[in-house]
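Enquirer: Submitted below is the structure of interest, expressed as structure tokens.
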Amino acid sequence: MAYFLDNTEVDPATEDGQNRLARAHQDQTRITCSCVEPRPEMYVACVAGRFILKRMPGSGAQHAPGCDSFLPPEDLSGLAQIHGSAVKEDLETGTTVLKLDFPLSMGSNRPAPPPPSGKRPTEAKPKPQKLGLSSLLQYLWHESDLVKWTPAMERKRWWGPVQSNLLAAASGKNAKSQNLRDILYIPEPWKKDKQRDNAAHRNQIFHRLRAPAKGTAPLGILIAEYKSHETTRMGARFLFKHAPDCTFFAEADLVKRFEKVFSHQLMLAEALGDAHVMVIATFNIAKAGYPVLREIGMLLTTANWIPFETMRDYMLIDALTEKGRRFQKSQRFNLAHDTPIASIILTDLTSPLSMFAADVSADAVEIAALREVAAEGTYPAWLWIEDEPLPEIPAKGSEPLSHVVQERNDA
């Protein structure tokens, strides 16, 4: 894809391109993307000392479906719920402020808030949106472009690029006055000859998280692939892939909650056999130097690291990857589990197609709600509902089915 600055093409990968982007960043000049006409505007951000191009907030749908900057309209997923509230982008600095609903410190000595005044509210407004642990992991997955798939990615997506992309996505993200990258631990790909280097890097992160003599103790954020946990006298020890030399401990109450809340996901992953169980957790460093888990969230992904929620979700992704299709996976972020959203946006047709896959356990009310959302969506819709085999998928490059035709076929 070509990019233009003042109608002159600029290549961000070259030294000259970096110099021109640096001046554009200083002058807050917009860059345009040539994927469609009129060209969508983009802005320049500085990440880890390099200048990169980012789509303008809310402009993803203005780009061509084949463009790297394309995003489906936010009404097809849960993005609309968090953008502008839980996630706020600053175009001048290129940073993003995240509002989290979980703490990044423990042992605060702050005084309790004053009692309520007893005054009646004078306005009606929604509760502010914040990201929980699992929704933060979904957001970083989204920002890492790990929700996208093209046939060219086959056999090229493994833990190395996944880890690298997640770290890059965390750059420029601030939460509770902290840079997310500074408190984030994502294990490097495990190699025996790199064990000492990896441990040294991990210990640098852990050292920053040690509790001070006075005041609050900082919490770190772990993102890693769950391997197992086993009972100890005080709770359990957790092991994660790519970090076999680092044990995380958890108290008995957290272990009990983990097994209750995530039993369905763990059983589904075990039944599928090739799924990755991704965990995000806050942790502190005990006085003895070992990490202790405080809160845990989870995300399931396919063997190609594409997130999914249900068996039917997984089957649809598997069918599309096997057929060599190009698509994006939608995520629900803060939306409730029973809120209908598009599962997949298929992007290799003449125009995008929204693909809706109802859970096999969905009742008549949930299916009716899914039909309604599909019929009112921005793009034509394909539906997989009730107890039926996988419906026919439109051929690559063809016209997407219309709502009317699809609804008639499903009737």
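Enquirer: With every protein chain kept in place and ligands, DNA and RNA left out, what is the accessible area per residue of segment 291-379? Probe 1.4 Å, answer in Å².
Expert: On the way: 3200 Å² over 89 residues.
Normalised by residue count, the accessible surface of segment 291-379 is 36 Å².
Enquirer: State, as an integer percentage, the relative contact order of the chain based on alpha-carbon contacts under 8 Å between residues 6 or more apart.
Expert: After rounding, I find 13 percent.
Enquirer: A follow-up question, please. Can you grab the distance from the C-alpha centre of segment 296-316 to the C-alpha centre of segment 180-197, Å, no decimals?
Expert: 24 Å
Enquirer: Cα gyration tensor of segment 152-243, axes a ≥ b ≥ c as square roots of the eigenvalues: rounded (a/c below 1.5), prolate (a/b > b/c) or oblate?
Expert: Since a/c reaches 1.5 but b/c is at least a/b, the shape of segment 152-243 is classed as oblate.
Enquirer: At 1.4 Å probe radius, can you tell me the per residue accessible area of segment 153-250 in Å²?
Expert: Heavy-atom accessible area per residue stands at 55 Å².
Enquirer: Just to verify a number: FRET efficiency for THR231 and LYS194, C-beta to C-beta distance, R0 = 30 Å, to 0.05?
Expert: 0.45
Enquirer: I'd like the isolated cysteines in the chain, meaning no second cysteine's beta-carbon lies under 4.7 angstrom from theirs.
Expert: CYS33, CYS46, CYS246
Enquirer: Carbon and sulfur: what percent of segment 300-374's accessible surface (1.4 Å probe)? Walk me through the numbers on the way to the answer.
Expert: Details: 1420 of 2640 Å².
Exposed carbon and sulfur together represent 54 percent of the surface.
Enquirer: Grab the Cα-Cα distance for GLU322 and MET267, subtract it from 0.36 nm times how many residues apart they are, and report the gain in nm with one decimal.
Expert: Result for the pair: 17.4 nm of gain on full extension.
Enquirer: A further question follows. Let me know the charge dipole size of segment 190-320 about its Cα centre in debye, to the nearest 20, where only the beta-carbon of Lys, Arg (+1) and Asp, Glu (-1) is charged.
Expert: 780 debye
Enquirer: With volume of the Cα convex hull per residue in Å³ defined as stated, name the option among [x] 148; [y] 199; [z] 126 computed from the structure displayed.
Expert: Only one option fits the structure, namely [y].
Enquirer: Gain in length, LYS241 to THR378, computed as 0.36 nm per residue apart minus the alpha-carbon separation, to one decimal in nm?
Expert: Additional length available on full extension: 45.3 nm.
The values are calculated or read from the model by the stated rules, or taken from the named source; none is laboratory data. Treat the numbers as computed from the prediction; the structure is a model and nothing was measured. We place every Cβ from the backbone using ideal geometry, glycine too, and count neighbours over all the protein chains shown. The protein model used for the area step is the full one, side chains on, heavy atoms only, and it has no ligands, DNA or RNA in it. Shrake-Rupley method; radii C 1.70, N 1.55, O 1.52, S 1.80 Å.
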